[in-house]
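Before any comments, here is the structure.
What follows draws every value from the coordinates through simple rules; no lab data is involved. These numbers come from a predicted model, not from an experiment. Cβ placement follows ideal geometry from the backbone for every residue including glycine, while neighbour counts extend to all protein chains displayed.
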Amino acid sequence: MRIKSGGYLLAAAMIAMGVTACNSDSDETVDTGFTSDNIYSATAITAFYIKANSKILNNLDSCYFTIDLVQSKIFNADSLPYGTDITKLVPNISTNGSSLIEISVKGSSVMNDTTFTYTTESTDSIDFSSPSKVSVRVVSVNSKYSQTYDINVNVHTIKADSLEWGTIAWRELPGNPDAQKTIEFGDKILTLFHNGNGYNVWTGADPESTGTVSAASFPEQPEISSFAATDDALYCLGSNGALMTSTDGASWRATGDTWSHIYGGYGATLLGLEKSGDEYYHVSYPGNATRVKASADCPVSGTSEFILIENMWFENPIALTVGGRISNGNLTGATWGYDGNTWAKLSQGPISTQYEDMTVFPYFALRSTSKWWRVSKDSALLAMGGRKSDGTVSDSVYVSLDGGIHWNMAGESLQLPDVIPPFANAQAIVRDNTLTSRASSADMMWNELTMLRHNPFSRAVAPVTSWECPFIYLYGGVDDAGTLYPTVWRGTINQLTFKPIE
């Protein structure tokens, strides 16, 4: 509500009456915070918002604007969605009383430079787009004081919900390899690779670290694509199926078991398959569990990495794998899971196109509704790449919001850019990076004003100057012919790089 000067005088009179009434019942003096000086000399804007216009944006009037009385700035820290038209917006401005409110527009491409009296022309639309400059001048009730505020209506210059990968690969894999596989082992990242010098292992604290490279020694030639880890050991299959283990990735020994496939680690237990004749059996290492015959539609090769998910509805974590080739040679797009005791097919809506050697990892998807322009961050599984039944590789991205039970083709914002070629058998590792921004005095004042406006009894806290952003590191992958891409791509959803709103 905008109170003009006449209404303000009435409000002041009511305040004075209230003080008198209180004093008649008590000898105590009630301090209302109002004096004759600040009543008539105030130039503060107490509220600012944009009036609703569903043709421009649903719930436009819900956009919160910060009023910085010290810096004389009005702005929305949470920018409006990419592409929002801000050339014809109607503002709503409130004060505790004023003799004049006027708005000036300069440099607009859609309207002439103009200054008009808001008090009598409050329904006029204004161009807030760059390079226009919009300011509002408030004159106090006694006409002795005035204050001019710059108004900025911020709009995202990039699509906030897009998964951004850049235009070139982030870096090359170490050692110029012709084959590789990258996994997480405890808090480290290991890349097992082969080049002209033989087999080697790269070990680093995170994808951004320099890391170290060591020669790897195996009792028999390893199948690099089977490289996997449990909580306390590394594993790999030999070319003849020998299960080998290591604690550092450099020195390997045979376990004495012979497997046909490794799914991955579940705690300290390795899960895989053993083939006997034409039948496949679920096995584990250390092998103290009874072999269980695999279902005919269970994938026996070409599965994605094991993804461990903890859910409040399950007593134990669920390990998931997606896609692969079943025992009759056909491909599947289903999700299979293991809960510590039992294997089961979880998919009710599998991936529509069947793949093997897909890249699957837990991440996020941003969701908005047609009613609200704000977005929410949902936990999601993303599945990308893979080899189809005709042998060609893919660059499609699929998303599941329910732990792999249902899969859908991801929207355009999550699809891979053209600069990343189609691939199969790549690995994705998600790690948080700390992003920073320098806190200025204006940031600190904005934070204090915001805190006080939300809760006048709270103490202001230091402004956000750093936050964690989850980056995806996409390692390797091969083309249709099986030739390795010796690169690492790095990507994240744009909005996750934005400074959080305090």
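Could I have the simple spin-label model distance between Val90 and Thr342, label points 7 Å from Cα toward Cβ, reported in nm to one decimal?
Going by the 7 Å Cα→Cβ label model, 6.2 nm.
Classify segment 256-348 as rounded, prolate or oblate, taking a ≥ b ≥ c as the square roots of the eigenvalues of its Cα gyration tensor: rounded when a/c is under 1.5, otherwise prolate if a/b is larger than b/c and oblate if not.
oblate
Given the peptides 408-415, 124-131, arrange them by the average over their residues of other C-beta atoms within 10 Å, most packed first.
My ranking of the peptides, most packed first, is 124-131, 408-415.
Excluding residues on the same chain fewer than 8 positions from Lys106, give the aspartates and glutamates whose Cα lies under 16 Å from its Cα.
Asp124, Asp127, Asp150
Can you tell me how much longer the chain between Ala268 and Thr247 gets when fully stretched, taken as 0.36 nm per residue apart minus their C-alpha distance, in nm with one decimal?
Contour length minus Cα-Cα distance gives 6.3 nm.
Output the relative contact order of segment 140-294, whole-number percent, from Cα pairs under 8 angstrom with separation of 6+ residues.
It rounds to 12 percent for segment 140-294.
Residues of segment 324-340 with the amide nitrogen closer than 19 Å to a label point 7 Å from the Cα of Glu315, along Cα-to-Cβ, please.
Inside the label zone: 337-340.
Could you calculate the contour length gain from Thr114 to Asp78, that is, 0.36 nm times the residue separation minus the distance between their Cα atoms, to one decimal place in nm?
Working it through step by step, the gained length comes to 10.2 nm.
For Lys159, go through the lysines and keep the ones whose alpha-carbon is under 21 Å away, minus same-chain ones fewer than eight residues off.
Lys55, Lys371, Lys377, Lys499
Once both labels are modelled 7 Å past Cα along the beta-carbon direction, what's the Thr497-Met409 spacing in nm?
Each label point is offset 7 Å from its Cα along the Cβ direction, giving 2.7 nm.
Treat each spin label as a single point 7 Å out from the Cα along the C-beta direction, and report the Asn176 to Thr157 distance in nm.
4.0 nm
What ranking do 219-230, 353-364 get when scored by the average of other Cβ atoms within 10 Å per residue, highest first?
Taking the mean over residues of other Cβ atoms within 10 Å, the ranking is 353-364, 219-230.
To the nearest 0.05, what FRET efficiency results for Asn433 and Ser143 with a Förster distance of 60 Å applied to their C-beta separation?
It comes out at approximately 0.65.
When you count, for each residue, the other Cβ atoms within 10 Å and take the mean per peptide, how do 388-395, 292-299 rank with the highest first?
Listed from highest to lowest mean packing, they are 292-299, 388-395.
May I ask you to derive the FRET efficiency for Ala47 and Asp206 from their Cβ-Cβ distance with R0 = 51 Å, giving the value to the nearest 0.05?
E between Ala47 and Asp206, to the nearest 0.05, is 0.65.
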